[in-house]
Amino acid sequence: MAASGSKSCLQYLFHLAHDHLDFRLPEIKALLALRLKPFHPCGDFKEQSPFWCLDCLSEEDVCTVMARSVCAKSAFELWGHGRTHSELRTSLLNYPPEKMSPYMQKGSSYRINVYTFNKTLLFEDRIKKIDALDYLPFEGTVSLKNPQHIFCLLEDYGTDPNNIPEHPNYIYFGRWIADGQRELIRSYSVKNRHFIGNTSMDAGLSFIMANHAKAKDNDLVFDPFVGTGSLLVACSHFGAYVCGTDIDYNTIHGKGRSSRKNQKWRGPDENIRANLRQYGKEDMYVDVMVSDASKPVWRKAALFDAIVTDPPYGIRESTRRTGSHKDVIKSPDGLYAESHVPVSQAYHLSDIFTDLLSFAAHHLVLGGRLVYWLPVHRPEYCEEMVPFHPCLLLISNCEQTLSSHTSRRLITMEKIKEPEELDSLAHLSDPRFIPYQGHNAFREKYFSGLSKRSAKDDTKSDVSGK
């Protein structure tokens, strides 16, 4: 794993945040794809590890990835590594001196940080580890507050907090290149957002979805179940123009009851546009409108670079579409036509996803991505339950656990061809369509699980006499 070749293609160490583990690899791959670079791990790659070593990249590639990633904490130019400090020393002494010297010259300043994963070291122990690196030919001066160059000794003590080894499993040393965008999770927190609802997506997952979608400067991104616009906010941060639709008139227009504690009604300026204005992205706002996702309202053309959405599951928001089971529906008359709220009926999850994939096939540009959440009942889940369309290639499938028996999966698909006449019926002939219809019972299974858990709790209470 020793670095070799020109400065334009070194080895880099990525330090990943240890949350949303399923989402990290697709995010990094998507961000590298924006640079037309492959994901090329070195040596024994372990996806669950917090440290990934990648090659075939330039420093510019790494900085571009870190300027967007919310799954990565930091990136380093890898100078040495080993299972022990002795192996690390050998690796560092074999690193080409001409690649070290620009950062160790007289007149420069530097700082060495010590980072340990899954173990906390005393300050004295950290100093001892830094002093043990005295074999490195640093000629500059130490500056703790404002160094020109930052180096880091990183020790990996495994991922089991109940079984922390005395010595690290692996050790790395490298020059700091850039930090990721974890700060966005705090600065875009929905707790401080102007307009929120019951199902507003949290900031971290919103940015992950925007990255999976490869939303970038001057893209046009659409959300057909826009809600309070959390996904539009994230995509606009990366320079995309955003628009959306929702069947809920009150949500689109910011009317009705507030989702905030101690606030009964929404204020006069609580709307999606105000959310983008809050983050200085109002110029990326195209528009939102009240519309039924099951009804075609767009002209037949490839309009969107990405579709990013979180369809309703029937838990906190109902799954409805306009229409009625009655044979004849009376149209509104005269003055009331404009403000008329149409009759609605149930919109089954299987129909939601069939319509969504068909819409994406017709309205995404070639190479455009569809990113959406798929709710599943975990005991029954199998990969064949993921909706299928012949125009869309499955890129990634990541799980977020909701409870012991339910989860939702973030599905990313990419348009690979234009739709043909028979493609709209492909799901009917596909053998996966039968388990795919099982999503219709997700709401009942979700609440049946809660009922069983509640019953167990009641039984425990009766036994203990509480």
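The values are calculated or read from the model by the stated rules, or taken from the named source; none is laboratory data. Since the model is a prediction, treat every value here as computed from it, not as a measurement. For neighbour counting, all protein chains shown are included, and Cβ atoms are generated from backbone atoms with ideal geometry for every residue, glycine included. Heads up: the accessible areas ignore ligands, DNA and RNA and are worked out on the full protein's heavy atoms, side chains in. Shrake-Rupley method; radii C 1.70, N 1.55, O 1.52, S 1.80 Å.
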query = Right, S69: part of a loop (DSSP other than H, G, I, E, B) and under 25 Å from the mean Cα position of the chain (by Cα) or not?
reply = yes
query = Which fully enclosed helices (runs of 4 or more DSSP H) of segment 112-220 have 2 or more residues being among the basic types (K, R) and over 22 Å from I28 (Cα atoms)?
reply = 123-131
remark   = The one condition D287 fails out of (1) part of a strand (DSSP E or B); (2) under 22 Å from the mean Cα position of the chain (by Cα) is (2)
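Suppose we filter G227, G140 for residues that are touching a strand residue (DSSP E or B) at 6+ places or on another chain (Cβ under 7 Å) and crowded, with 23+ Cβ neighbours inside 10 Å; which single one remains? Give the steps one after another, and end with the answer.
Values: G140 fails: crowded, with 23+ Cβ neighbours inside 10 Å.
Testing whether each residue is touching a strand residue (DSSP E or B) at 6+ places or on another chain (Cβ under 7 Å) and crowded, with 23+ Cβ neighbours inside 10 Å leaves just G227.
Which one of R266, R257, R277, R321 is farther than 22 Å from M413 by Cα and not assigned by the TED database to the domain that holds N198? First the steps, then the outcome.
Working: R266 fails: not assigned by the TED database to the domain that holds N198; R257 fails: not assigned by the TED database to the domain that holds N198; R277 fails: not assigned by the TED database to the domain that holds N198.
Answer to the selection: R321.
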ask   = Being touching a His at 6+ places or on another chain (Cβ under 9 Å), buried (at least 18 other Cβ atoms within 10 Å of the Cβ) and under 30 Å from A234 (Cα atoms), is that true of even one residue in segment 7-23?
value = yes
request  = Would you check if there is a residue in segment 208-218 being at pLDDT 95 or above, acidic (D, E) and either open to solvent by 10 Å² or more (accessible area, probe 1.4 Å) or at positive phi (or both)?
outcome  = yes
Of all residues in segment 34-88 being at pLDDT below 95 and at positive phi, the one that is most open to solvent (accessible area, probe 1.4 Å) = G43
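Here is a yes/no grid of residues against (1) farther than 29 Å from I395 by Cβ; (2) charged (D, E, K, R); (3) touching a strand residue (DSSP E or B) at 6+ places or on another chain (Cβ under 9 Å):
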| residue | (1), (2), (3) |
| --- | --- |
| N169 | yes, no, yes |
| W176 | yes, no, yes |
| R182 | no, yes, yes |
| R186 | no, yes, no |
| K191 | yes, yes, no |
| F195 | yes, no, no |
| D202 | no, yes, no |
| I208 | no, no, yes |
